[in-house]
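The values are calculated or read from the model by the stated rules, or taken from the named source; none is laboratory data. What you see is a predicted model, and the numbers here were worked out from it, not measured in a lab. Because the Cβ atoms are built from the backbone with ideal geometry, glycine has one as well, and the counts that use them run over all protein chains shown. Quick note on the areas: whole protein, heavy atoms, side chains included, nothing else; ligands and nucleic acids left out. Shrake-Rupley method; radii C 1.70, N 1.55, O 1.52, S 1.80 Å.
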Amino acid sequence: MGKQSIIPFGPQHPVLPEPIHLDLVIEDEKIVEAIPSIGFVHRGLEGLVKKKDFNEMTYVVERTCGICSFMHGMGYCEAVENVMNVEVPDRGKYLRTIWAEMSRIHSHLLWLGLLADAFGFESLFYQCWRMREKVLDLFELTTGGRCIFSVNKIGGVLKDIDAEMLQTMLSVFEEMETELKTIRKTFLFDYTVESRLKGVGVLTKEQAHNLGAAGPFARASGVKIDMRTRGYGAYPDLDFEPITSEIGDSFARCDVRINEIFQAIDLIRQMIGKMPSGEISAVVKGNPNGEYFMRVEQPRGEAIYYVKANGSKFLDRMRVRTPTFANLPGMLETLKGADLADVPLLILTIDPCISCTER
Amino acid sequence: MGNVKRSPWLLHYDGSSCNGCDIEVLACLTPVYDVERFGVINTGDPMQADIFLITGGINTQNQAVVKQLYDQMPKPKVVVAVGVCACTGGVFKDCYNILGGVDTTIPVDIYVPGCAARPQAIIDGVVKAVELFQKRSDEMEQKKKESRKEQK
């Protein structure tokens, strides 16, 4: 038995742009335990409900995270709409779901790039990010923003996508799909990638279930949970199956996310195919009164929005539980027994979003 | 830009930002925007950095981290605050845990507005920082020369 020592990881670290601090207890290059400490990005935005009214809160909630910003806004708006019994017009729902799936594509491409960077495959990192720019250009075309769009509002959306834009989207996604197939080949069949990912950080199905993992992290371990199947937005009209894998290592997580990009493109095609016409938002009158618990599937997993209103324009309570927070226990489990050199990679495989976690 | 004699290295730290500005900072490094053509490299080591690029406002927990990173950087140094949160606190200004913009803790030279700041704006800010960095290092050299002359 070797001597135990502690290596600090973060909060400022070259691999992660975001601050998280881990105390890694190591014994001969092997991790015995990882002790996290978070709070570097804590802003306390849930407390803002006392100062901003429920309409203004939409814009605050969108800034919980800049990567899955749209889905945060969507979750919050759907929660408030359910409290107020507002029925969003079909076109509004479809538009929201299209943007949500586009966010998923851009988030997964971002993650794939960061993963490639973590195991030192720099050209692959640049290829992924080059492709991500195409999605961002589409976002700019349809919403006007690259990261934070602010197109959600209580009752629907603020902007419409016309037929010409939908055609542009279709052609861009077709082009992207061929390029993605090349990248998929590199990720899944390249032996250097395989040797870094296969068998690293295995999380079994039982562990994933017991530790409450969410999203692609849980699905890669064989837990078939996908909040989209519960049916919000336009998902009840769409035909899809959650993508799972039984292996549960870093390679499986990569595989699941790549396939989810293809799935998202397919979902967008389905939606453009049966896009309903009509209004994009409903008229909202009065103030919310009551409470609601909304669950949405974000790129990283399940996010929960709890809203409690008292009939005034200020909400009583707004609570967010984000997927990274649910995935942290699972990540700490995979870190045990891993090599010190694999730590950045293992932290990345849960697709951490620290600013979501700490709000 | 004009006469830039050195390639300044950049240190990026996420204060309490929402990631929006961070991914835009990273996007600047990719081939589409490519700040490396100005000789700027993103380094993870504060001791090798010349430009401190910080996103997001300051909160009670990261204040010490930001201060420490700033102190570890060698002189001359330039601080760029990216995004409206780093400039003033932005939408989170009223949050109980936010102290305000980056200038509440360390002196800021260049403010880049936007939520999230666009890559073009960030590049503009970085180019201004490169110029300022050059000016400061020239001044430092001048001072050194003068002090040497006095010693003689």
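When you look at A:Leu335, is it in contact with a helix residue (DSSP H, G or I) (Cβ under 7 Å, 6 or more places away or on another chain) and under 22 Å from A:Phe187 (Cα atoms), yes or no?
No.
So, of the residues in region A:50-64 that are in contact with a His (Cβ under 7 Å, 6 or more places away or on another chain) and in a helix (DSSP H, G or I), which turns out to be surrounded by the most Cβ atoms within 10 Å (Cβ to Cβ)?
Within region A:50-64, the match that is surrounded by the most Cβ atoms within 10 Å (Cβ to Cβ) is A:Glu62.
Among B:Gln120, B:Gln61, which is within 12 Å of chain A (Cβ to nearest Cβ), open to solvent by 40 Å² or more (accessible area, probe 1.4 Å) and either at pLDDT 85 or above or under 15 Å from the mean Cα position of the chain (by Cα) (or both)?
One residue alone meets the criteria, B:Gln120.
Of B:Val78, B:Val84, B:Val65, which residue is closer than 29 Å to B:Lys143 by Cα and not aromatic (Phe, Trp, Tyr)?
Result: B:Val78 is the single residue among B:Val78, B:Val84, B:Val65 that is closer than 29 Å to B:Lys143 by Cα and not aromatic (Phe, Trp, Tyr).
Residues in region A:44-70 that are under 18 Å from A:Pro323 (Cα atoms) and not aromatic (Phe, Trp, Tyr): how many?
Going through region A:44-70 one residue at a time, the tally reaches 12.
Table: residues versus (1) of a type outside the set (D, E, K, R); (2) surrounded by 19 or more Cβ atoms within 10 Å (Cβ to Cβ); (3) touching a Lys or Arg at 6+ places or on another chain (Cβ under 8 Å).
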residue: B:Cys85; (1), (2), (3): yes, yes, no
residue: B:Asn97; (1), (2), (3): yes, yes, yes
residue: B:Val102; (1), (2), (3): yes, yes, no
residue: B:Cys115; (1), (2), (3): yes, yes, yes
residue: B:Val126; (1), (2), (3): yes, yes, no
residue: B:Glu139; (1), (2), (3): no, no, no
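With the structure loaded, tell me whether A:Lys198 is at pLDDT 85 or above and either open to solvent by 10 Å² or more (accessible area, probe 1.4 Å) or of a type outside the set (Gly, Ala, Ser) (or both) or whether it fails that test.
Considered against the rule, which asks whether it is at pLDDT 85 or above and either open to solvent by 10 Å² or more (accessible area, probe 1.4 Å) or of a type outside the set (Gly, Ala, Ser) (or both), A:Lys198 comes out as no.
In region A:202-221, what count of residues is obtained for those that are assigned to a loop (DSSP other than H, G, I, E, B), farther than 24 Å from A:Tyr76 by Cα and open to solvent by 10 Å² or more (accessible area, probe 1.4 Å)?
Total meeting the criteria: 3.
Since A:Glu302 meets every condition but one in (1) under 26 Å from A:Gln263 (Cα atoms); (2) among the acidic types (Asp, Glu); (3) surrounded by fewer than 17 Cβ atoms within 10 Å (Cβ to Cβ), which condition does it not meet?
Among (1) under 26 Å from A:Gln263 (Cα atoms); (2) among the acidic types (Asp, Glu); (3) surrounded by fewer than 17 Cβ atoms within 10 Å (Cβ to Cβ), A:Glu302 violates only (3).
Any chance you could count how many residues in region B:17-54 are facing another protein chain (nearest Cβ under 9 Å) and in contact with a Cys (Cβ under 7 Å, 6 or more places away or on another chain)?
Residues in region B:17-54 being facing another protein chain (nearest Cβ under 9 Å) and in contact with a Cys (Cβ under 7 Å, 6 or more places away or on another chain): 6 in total.
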